[in-house]
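The values are calculated or read from the model by the stated rules, or taken from the named source; none is laboratory data. All values reported here derive from a predicted model rather than from experimental measurement. Methodologically, a virtual Cβ is constructed for each residue, glycine included, from the backbone with ideal geometry; neighbour enumeration extends over all protein chains shown.
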Ligand code: ATP
Ligand code: MG
Ligand code: MG
Ligand code: MG
């Protein structure tokens with residue numbers, strides 16, 4: 001019998017509890033008191049000060065299933081969603097941690113035991129990677145565990161030196177991959193360290209926390225080398241449930257199916273439509289958990305990421321022919337799948353739905369207004385006898401009004417005009433760089449007064465960055 005997502009989560013946590021780890025609750029998506037980070041992007045975030053030696057941990061070993069968001073900042077998978085089968089914006093990361101207790105050898109032993117003995121993955125389909133300068137890890141895999149040399153890949157910084165952000169704890173890492181089979185190969189040059197396709201699926205990253213990076217980029221060794229690991233729950237579920245991607249696991253498929261039923265478009269018939277259904281499934285989870293953790297749609301920082309996610313999901317709904325607000329109803333499905341494990345969702349269900357609906361309505365108005373403004377741009381381009389909509393105009397519509405670029409392309413096409421996409425992308429890139437550099441945390445700025453009012457009625461008080469103590473919550 002195949003393990004359900006819930007059983008996999010529990011099996012992992014229990015395995016490490018039995019090995020002396022304390023089970024710690026997921027922290028919120030908004031990191032406590034850490035302006036360097038937009039969202040919690042890994043299991044280690046809530047333990048950052050333990051690694052840095054700024055706080056004494058109440059336990060030497062911990063295990064958790066952490067809510068993560070990778071949409072903005074150093075780890076940003078927003079654009080990957082829907083395109084790959086393995087990336088989400090919101091996902092759950094299983095992890096085990098050692099705070100100056102065990103190090104490389106035990107971490108590798110534990111991981112190998114869980115993967116091959118408990119999850120029973122066939123060894124012949126497993127591969128590993130190590131940081132190219134980490135001979136110690138190579139030796140442990142090769143001599144101690146017995147992985148043949150040709151199945152251990154030595155990779156550079158990009159893949160095998162992990163860092164939470166531009167500053168903070170970091171270190172070399174070692175990853176475990178599962179070969180999903182030749183039918184998933186992307187072509188001639190498919191392979192670990194060579195391509196970025198889903199065939200050799202990275203399931204687990206073992207980070208050997210050894211350094212702290214400062215603002216200038218300098219590394220200094222940590223007093224106590226530690227362990228931080230991360231395994232994507234949805235990814236291991238796709239392997240154990242033997243399905244082609246994360247989206248067919250029991251953790252996500254009900255959402256895909258819901259989008260398919262609502263649009264009356266079958267899943268698996270057209271790649272384009274499938275992408276839209278996957279984006280909706282992913283973004284529904286993201287918006288639900290963001291709002292549950294106290295983020296409200298706004299014009300900057302975290303609130304802006306939420307707004308973009310809601311708009312992107314609405315846009316994909318339109319691509320499936322769904323014109324009315326619909327996402328707010330999908331929140332129920334998220335709650336059915338995850339509400340028992342994450343009470344912040346079930347307890348705030350009505351609130352989350354109302355905020356979502358408001359933002360969907362607001363986006364509809366934006367679209368109407370945008371169409372009008374775009375028409376003005378089109379007229380003026382034509383009046384000048386030109387054939388191209390300038391990149392600056394596209395950027396203005398996109399940035400100020402949140403108008404989707406693909407809609408601009410469509411309209412331009414109807415009008416026999418070109419779009420200066422390169423110019424637009426250049427401006428977008430510059431703006432992202434600016435935003436990345438200037439983001440210093442803080443509160444959301446412009447929040448719709450109606451949503452603000454709603455938030456005053458929120459049933460569960462948000463325990464975000466103002467009130468939460470740095471102490472991890474033990475369940
Ligand atoms: P990839 O190379 O596939 O983008 P990564 O190396 O960026 O993954 P890590 O930062 O090492 O990922 O995170 C640890 C683990 O979390 C990964 O091994 C994977 O199982 C999972 N994971 C990472 N990013 C995502 C995501 N966007 N969605 C779902 N799971 C993820
Ligand atoms: Mg990645
Ligand atoms: Mg990777
Ligand atoms: Mg990795």
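Counting only helices (runs of 4 or more DSSP H) that fall entirely inside the range 257-374 and contain at least 3 residues that are under 19 Å from residue 246 (Cβ atoms) and modelled with pLDDT of 95 or more, the qualifying elements are 271-292, 327-338. Out of all the residues in the range 86-105, which are more than 10 Å from ligand 1 (Cβ to nearest atom) and part of a loop (DSSP other than H, G, I, E, B)? 99, 100, 101, 102, 103 - these are the residues of the range 86-105 that are more than 10 Å from ligand 1 (Cβ to nearest atom) and part of a loop (DSSP other than H, G, I, E, B). Taking the listed residues 200, 177, the one that is closer than 21 Å to residue 9 by Cα, modelled with pLDDT of 95 or more, within 23 Å of the chain's Cα centre (by Cα) and within 16 Å of ligand 2 (Cβ to nearest atom) is 177, with no other qualifying.
Of the residues 236, 227, which single one is outside any loop (DSSP other than H, G, I, E, B), within 14 Å of ligand 4 (Cβ to nearest atom) and surrounded by 15 or more Cβ atoms within 10 Å (Cβ to Cβ)? Within the list 236, 227, the selection yields 236.
Restricting 31, 35 to residues that are modelled with pLDDT under 95, away from ligand 2 (no atom under 16 Å from the Cβ) and farther than 23 Å from residue 208 by Cα narrows the list to 35.
The residue pairs whose first member lies in the range 161-179 and is within 23 Å of residue 197 (Cα to Cα) and in the same structural domain as residue 31 (by TED's automatic domain parsing), whose second member is within 15 Å of ligand 2 (Cβ to nearest atom) and modelled with pLDDT under 90, and whose beta carbons are closer than 7 Å, counting only pairs six or more residues apart or on different chains, do not exist in this structure.
Scanning the range 145-186 for residues that are closer than 30 Å to residue 216 by Cβ and not in a strand (DSSP E or B) turns up 156, 157, 158, 159, 160, 164, 165, 166, 167. Flag set for residue 216, criterion: away from ligand 2 (no atom under 16 Å from the Cβ), out of contact with any strand residue (DSSP E or B) (no Cβ under 7 Å at 6 or more places or on another chain) and either assigned to a loop (DSSP other than H, G, I, E, B) or not assigned by TED's automatic domain parsing to the domain that holds residue 40 (or both).
So is residue 195 within 16 Å of ligand 2 (Cβ to nearest atom), without any contact (Cβ under 8 Å) to a residue 24 or more places away in the chain and over 26 Å from residue 99 (Cβ atoms) or not? The answer is yes for residue 195.
Yes/no per residue for (1) within 22 Å of residue 404 (Cβ to Cβ); (2) touching a helix residue (DSSP H, G or I) at 6+ places or on another chain (Cβ under 7 Å):
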residue	(1), (2)
268	no, yes
281	yes, yes
300	yes, no
317	yes, yes
325	yes, yes
346	no, yes
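Evaluated against (1) without any contact (Cβ under 8 Å) to a residue 40 or more places away in the chain; (2) crowded, with 23+ Cβ neighbours inside 10 Å; (3) in contact with a helix residue (DSSP H, G or I) (Cβ under 6 Å, 6 or more places away or on another chain), residue 105 falls short on exactly one condition, (2).
Where residues in the range 59-70 are out of contact with any strand residue (DSSP E or B) (no Cβ under 6 Å at 6 or more places or on another chain) and within 24 Å of residue 303 (Cα to Cα), which of them is nearest to ligand 1 (Cβ to nearest atom)? Per the criteria, the residue is 70. Can you say whether residue 430 is modelled with pLDDT of 75 or more, within 24 Å of the chain's Cα centre (by Cα) and not assigned by TED's automatic domain parsing to the domain that holds residue 306, as far as the supplied structure shows? Considered against the rule, which asks whether it is modelled with pLDDT of 75 or more, within 24 Å of the chain's Cα centre (by Cα) and not assigned by TED's automatic domain parsing to the domain that holds residue 306, residue 430 comes out as yes.
Scanning the range 118-143 for residues that are more than 27 Å from the chain's Cα centre (by Cα) and either in a helix (DSSP H, G or I) or closer than 16 Å to residue 205 by Cβ (or both) turns up 123, 124, 134, 135, 136, 137, 138, 139, 140, 141, 142, 143. One residue stands out among those in the range 71-90 that are surrounded by fewer than 24 Cβ atoms within 10 Å (Cβ to Cβ) and in contact with a strand residue (DSSP E or B) (Cβ under 8 Å, 6 or more places away or on another chain): the one that is modelled with the lowest pLDDT, which is 74.
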